[in-house]
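Every number in this text was worked out from the coordinates using simple rules, so none of it is lab data. As the structure is a computational prediction, the values presented were derived from the model and not from experiment. In this analysis, Cβ positions are derived from the backbone assuming ideal geometry, glycine residues included, and neighbour counts consider all displayed protein chains.
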Amino acid sequence: MKTFAVIIAAASFALAAPVALLAADHAGHDMKQHAAMKGNVAHEEVVDGIKSVFTIQTMAEAMKAMGMEMPKGVKETHHLSVTFTDAKTGKAITEGTVKVKVQGPDKAAQTKDLMGMHGHFGGDFDLSKKGKYGVMSKFKVKDDKVRSAKFWYEVK
């Protein structure tokens, strides 16, 4: 069980690293890797002055973009992340709480608190069935106001 926890922690950290690099100085970093991580925008919207950008990518894509192999025993198939910015100033918002519920085409639901990861919030979900997934989020950032965003994501 400890080994599994270490693998999950390592995978979560590894998935967070490219986003941290996006927020940092880009000198000496592989920009193709950054582009691969940014290219999966699933939804974006502005809610009460806060812009949220949701990305979803397969765990295999995320690991490949970082030059790593997929750890064995990981049952989650996709990494969902969200970044927040102030819609007026464009300034990144990196502190807050985010809860996401993903309801699959079979009506099974997964609910997780997304973890703050170097400039974004992220978590891993099992989106292994083909079809439409309903993604519902509630988030509270700098002003403690609860906001929500909902969208559909299709796995083909």
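Summing +1 for each Lys or Arg and -1 for each Asp or Glu, what net charge is found among the other residues whose Cβ lies under 13 Å from the Cβ of I93? Charge balance in the 13 Å sphere: +2.
Protection proxy ranking for 97-104, 50-57, 109-116, using the average of other Cβ atoms within 10 Å per residue and placing the highest first: 50-57, 97-104, 109-116. The stretch between V146 and Q110 holds 10.9 nm of extra length on full extension. This uses 0.36 nm per residue minus the Cα-Cα distance.
Compare the peptides 119-132, 67-80 by average per-residue count of other Cβ atoms within 10 angstrom and give them in order, highest first. Display every interim value, and only then the final one.
On the way: 119-132: 18.1, 67-80: 14.7.
Final packing ranking: 119-132, 67-80.
Cβ-Cβ distance of E69 and K130, R₀ of 22 Å, FRET efficiency by 1/(1 + (r/R0)^6): the value works out to about 0.35.
The length gained by stretching the chain between T89 and Q103 to full extension, at 0.36 nm per residue less their Cα-Cα distance, is 1.7 nm.
Over all pairs of different C-alpha atoms, the range 34-156 has a mean inverse distance whose reciprocal, the Kirkwood radius, equals 14.9 Å. Charge tally for K51 (other residues, Cβ to Cβ under 10 Å; Lys, Arg +1; Asp, Glu -1): -2.
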